[in-house]
Amino acid sequence: MKGFVGTVLLIAILTLVVSGAFFIVLSSEHINLKVSLKASEVLKAADIVEAVKKGLEVAYNYSFFQAAYEVGKLGGYNDEKDVKEWRMYESTYFPASYVENVRMRTENYIEEYLKVLEEERKEFKFSQPFVNFLFSTNGEKVVKMIVSFPSLFSCSRHFFTIYDNPNRTIYPPIDYFKLYDTAYKLFIEKDSVREDIKKAEEKMDERCRKIYLDGVCEQDKKDRETVLEENCPNADKKFKEKVIQEIEAPKSNDVNINLRVKSVEVKHESDEKYDDLRESSDCGCETYTTVCEKYDENGQCERWSTVCVEYYRKYYNLVYFYSYFAAVKVTVNVSTKSQYPVYDATEGNVKLRNFTLTFNLTTSNDYSWKPI
Amino acid sequence: MRCQIAPFDIGIIAIALVIFAVISIFLLENLHIFTKTVVVKVVYDTNEAYRLLVSLLSLNYSSYTVYEMIPSIDYIGNQNFANFLNSSLYHYFEKAPKCYKLSLGSKVLVEYKSETYSGDCTNTRFNAVVPIFVPYNKAGLVEELYLNYER
């Protein structure tokens, strides 16, 4: 009897031990499952954070592209109301703050990108971005765009938060900055449009610029305008065409340069030069006098004759000179050869587009003449 | 009265201890290892599509990354890029998948279905969605990129 009770007791203990062990196993499995589900959430979130991190650099680039495109379209200015012509004859107005304008816009666009992400994915939180450009010349110009934040960005789910670094250094296309360098050299340091006008004048027909008349009697001398019209009809019109042709001829080096003449005023001035001006019997007589050739017995003049006392003068090596002047208002487009994905508000779409620096200038080949 | 433990009882206790030790040491351990392996695999599988999507975005296609190409596909209009995506996705799998579909928002970029698969490859076991930044525009700056597939 005692042995039987002891056996039952031991079996009960054994059962308790075994079921206890299984209870521990099962409960730990339950905990494991919960931990695993959480681990799975963390892993997914980590991958999403990874995708966002990959995208940050892209978003910073897109922001720069858009800012650079818009500032370029405004000729380096930030606002349409600030836009000035780069040149008004001898006075120049280079938008020295163009880098700052691009910087500010880039900063705003980065902020916009991150705000949209925060709105669409509530778990993300970014602090205020700061953009800074660093220029260095190491043989060739290098530009760095440093995007920094005062704190890490976070991705928070209900039981965990992932923190990561949103700071990046971007190398924006140097082509964009070359647009400004090239435009500065061509239209601020020197006035290449003025040079084009001079070239246009040089390309005018010789007979439109210099007319040799050689020996011309003064009474036959025609005024310079008439002579010009006979030798070079519509000279001003021809000059205007040459000016437009010369200015609008596409130019290209590292960048593409296109100029469009918006308005043009032309005029010409004339002058003359001759080696000598003196009386010449070739030109005929200007003043006659009558003299008696033969007297009769009574001393009366029997035959009169006219004698020239003054001949017309003759111009020797007479040359008429014509100078041409043009004043132009020009729209300059300096664009990169590479294209970037940007939004154009006028066309209302996103496309691969060239960065274009667009501005106006007014100049002439005689700064004292300002008809425009 | 002296308390005596019968040899039979000692035997029972010894067996109980041995069983307890076996359960504790081997069964518990093995069960842990087994379930953990299963769970880890399950956990690993749950983010497999995410890993694939992140890897895909990191690939380079000509001078652009896949990340940049995907939202630009409309205006770059490059059929070769679609072929590149198909090839990259298809070769990711060790054997031909039943289906896969890569979509940007509601727009399907590339899609594949095996002859035996009859679904639309939307509610698949493997799926991932990540936000991606698109070139600046007025409609939206962030879009969702979806990857669905069924092995």
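Observations on the structure shown:
- Residue list for the stretch A:267-285, restricted to those being farther than 30 Å from residue A:240 by Cα, in contact with a helix residue (DSSP H, G or I) (Cβ under 8 Å, 6 or more places away or on another chain) and touching a residue at least 60 places away in the same chain (Cβ under 8 Å): A:283, A:284
- Count of the stretch A:1-48 residues which are under 30 Å from residue B:129 (Cβ atoms), surrounded by 15 or more Cβ atoms within 10 Å (Cβ to Cβ) and within 7 Å of another protein chain (Cβ to nearest Cβ): 8
- Extreme residue, nearest to residue A:72 (Cα to Cα), among residues of the stretch A:87-113 that are hydroxyl-bearing (Ser, Thr, Tyr) and not in a loop (DSSP other than H, G, I, E, B): A:98
- Pairs linking a residue in the stretch B:85-110 that is on the phi > 0 side of the Ramachandran plot and in contact (Cβ under 8 Å) with a residue 12 or more places away in the chain to a residue that is loosely packed, with under 12 Cβ neighbours inside 10 Å and not in a loop (DSSP other than H, G, I, E, B), with Cβ atoms under 7 Å and 6 or more positions apart or on different chains, do not occur.
- The stretch A:250-344 holds strands (runs of 3 or more DSSP E) entirely within its bounds, and those carrying 1 or more residues that are touching a Cys at 6+ places or on another chain (Cβ under 6 Å) map to A:285-295, A:301-311, A:313-344.
- Of residues in the stretch B:108-135 being away from chain A (no Cβ under 14 Å) and in a strand (DSSP E or B), the one farthest from residue B:92 (Cα to Cα): B:108
- First in the stretch A:169-180 and in a loop (DSSP other than H, G, I, E, B), second anywhere and surrounded by fewer than 19 Cβ atoms within 10 Å (Cβ to Cβ), Cβ under 9 Å, 6 or more apart: A:171/A:142; A:171/A:143; A:171/A:144; A:172/A:133; A:172/A:143; A:172/A:144; A:173/A:143; A:173/A:338
- Candidates A:44, A:84: the one that is assigned to a loop (DSSP other than H, G, I, E, B), at negative phi and not acidic (Asp, Glu) is A:84.
- Of all residues in the stretch B:58-69, those satisfying the criterion of being at negative phi and out of contact with any Leu (no Cβ under 6 Å at 6 or more places or on another chain) are B:58, B:59, B:60, B:61, B:63, B:64, B:65, B:68, B:69.
- When A:340, A:316, A:320, A:288 are checked against the criterion of being buried (at least 17 other Cβ atoms within 10 Å of the Cβ) and either more than 25 Å from residue A:178 (Cβ to Cβ) or modelled with pLDDT of 95 or more (or both), a single residue qualifies: A:320.
- Against the list (1) without any contact (Cβ under 8 Å) to a residue 60 or more places away in the chain; (2) within 35 Å of the chain's Cα centre (by Cα), the condition residue A:207 fails is (2).
- Of all residues in the stretch B:58-84, those that are within 22 Å of the chain's Cα centre (by Cα) and free of Cβ contacts under 8 Å to residues at least 12 places away in the same chain total 1.
- Members of the stretch B:94-106 that are closer than 26 Å to residue B:143 by Cβ and exposed (fewer than 12 other Cβ atoms within 10 Å of the Cβ): B:106
- Apart from one condition, residue B:116 fits all of (1) without any contact (Cβ under 8 Å) to a residue 40 or more places away in the chain; (2) within 13 Å of the chain's Cα centre (by Cα); the exception is (2).
- Residue tally, condition crowded, with 24+ Cβ neighbours inside 10 Å and either touching a Pro at 6+ places or on another chain (Cβ under 6 Å) or hydroxyl-bearing (Ser, Thr, Tyr) (or both), over the stretch A:70-84: 1
- Residue tally, condition over 28 Å from residue A:174 (Cα atoms), away from chain B (no Cβ under 13 Å) and either of a type outside the set (Ser, Thr, Tyr) or exposed (fewer than 12 other Cβ atoms within 10 Å of the Cβ) (or both), over the stretch A:102-152: 2
- In the condition set (1) within 30 Å of residue A:243 (Cβ to Cβ); (2) aliphatic (A, V, I, L, M); (3) exposed (fewer than 15 other Cβ atoms within 10 Å of the Cβ), residue A:307 is compliant with all but (1).
The values are calculated or read from the model by the stated rules, or taken from the named source; none is laboratory data. Since this is a predicted model, take the numbers as computed values, not measurements. FYI the Cβ positions are ideal-geometry reconstructions off the backbone, even for glycines, and counts take in every protein chain you see.
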